[in-house]
Every structure is written in structure tokens, then in C-alpha cells.
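Rule-based calculations on the coordinates, nothing more; no lab input. Everything numeric here is computed off the predicted structure, so don't read it as measured data. With ideal geometry, Cβ positions are generated from the backbone for all residues, glycine too; neighbour counts draw on all protein chains shown.
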Amino acid sequence: MIHTILIIDDDPAVRGAFSLILDDAGYEVHEAGGGLEGIERVKELRPDLIFLDLRMPGIDGVETLRRLKAIDENLNIYIVTAFAEEYMDQLKVAYGEGLHFQIASKPLSSAQIRNIVSSTVEPIIAAENPHHKLILTLYIVSLNDEFKQFIEQLSTALSTSYAREDWKLNIVEVLYMPEKALANDVFATPMLVRELPEPVLHVLGNLSKMPSILAAITSQHGNESDTIVM
């Protein structure tokens, strides 16, 4: 099954860049030049992931977010913007209203875009197939030597606990980490905690010493999904 991505951004260059990267990766990509057009496309397409800009003519990204969630509260929305600080108070209010979303800063590299999509779509693919799979996504600020060592340790722990086809590790680089920078984990995904194998938990315990890393762990079994955010 080909998964559908919608890019809502008033800048045609941004839409074109995202479309080119994701078309090449095998996704079905659609574009909208503003919030109102994006809302109509969502009604038509029900995309698996939406990339949403904040500063747009007409209705801005926050109001677009509200209207999209009114259509379907389970839509996967990733806000990609260069103006997060300008809209931070509004985003906090939106989150307090129960509108869940993720956020990253422009510009994003092609690898970052592909990793964001993969980390969102992989749980959907797993749910479509009746097979248990652990999908672990690490959001990092910088890929330094300490983090490379952490990845190696985590990969070893996963390999000893799961068959290779039963786990996937995604790395998503971001410019900053709002999930850990803001009080009350404003942008953290809602959690349903599932017990993980001891070797994996042991390595993940080191995350408390690494504030520039956020881990999102999704355990899929058929249509059931548990997510842990650390």
C-alpha cells in the first residue's frame, strides 16, 4: 500500500522540495498552498502524514491545526516552521486543548524529512500487518561521539532481544528539542507504557543523562499500538 503525504505551505519552493524528496522515496505526495486548501485536501485524501507550516496568508498554521483536528483528531501532523518561538504561546494553548502534534524547525535536510515520514508511517505499516514489531525513533540535536556510542549500545541490545525483522531504529535530527526544553512535555506524544526487555531498558536508562535526545518507542502488534516517550 502506498502511503499519502500532504504538504501545506504557502512557499511553492518548500512544497516542491518536500515533494521531490518524498516522491523519490515512493510516497504519494500532495500539496496545498494554504490552510483552507489544505483542509479541503484532507477531507478528500485523509493523508497518513501532514507537514504544516505556521506563517501563511489567510488562516495561519495554528488555526489550520484546529480545523484539521476537528475533522479527525487522529491525523498525524508535523509542524515544520522557522517561526516556532513566535507561535509558541498559541501552540501551548492548542496542545492544552488536546490537539497533539510534532514540531521541527526549518530548514530540514532530505534525510531528516525521510526519517520523519518513516517514523510516522512505519507504525501504520506495522498495524496493517498482524506482526509484532518494535519501532524506536530517536530525535537528536547533534550527532556527536557520545550519541554514536549510545546508538551502538542500543542496536546491540535490540539485536539480543528481538529478531532483526522485529525491530527498527530511526534517527531524526532536529535543530532544537522542544519536548525537553519546555515544562510539562508540551509536545510529547501520549503514552501507553509497555514493558520492554531488560537489555533495552538498561541502555535507554542512560537517556536521563542526555537531554539532547528524545526517544519515542512504538510497540505494534496487529492493530494494537503502545507508545513510550522518554
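Computed on region 45-122, with alpha-carbon pairs under 8 angstrom and 6+ residues apart, the relative contact order is 34 percent.
Packing-based ranking of 33-43, 143-153, 11-21 yields 33-43, 11-21, 143-153, ordered from highest to lowest mean Cβ neighbour count within 10 Å. Label point of residue 2 set 7 angstrom out along Cα-Cβ; within region 19-43, amide nitrogens under 20 Å from it belong to 19-32, 41-43. Residue separation of residue 202 and residue 93 scaled by 0.36 nm, minus their Cα-Cα distance, works out to 35.7 nm of gained length. Placing one equal scatterer on every Cα of region 4-108 and applying the Debye formula, the log10 ratio I(q)/I(0) at q = 0.17, 0.21, 0.23 Å⁻¹ is -0.71, -1.10, -1.33. A cut-off under 12 angstrom between Cβ atoms defines the neighbours of residue 35, and their net charge, with Lys, Arg +1 and Asp, Glu -1, is -3. Along the Cα-to-Cβ line of residue 82, 7 Å from the Cα, sits a label point; which residues in region 1-21 have backbone N less than 18 Å from it? Once the point is set 7 Å along Cα→Cβ of residue 82, 8-19 turn out to lie under 18 Å by backbone N, inside region 1-21.
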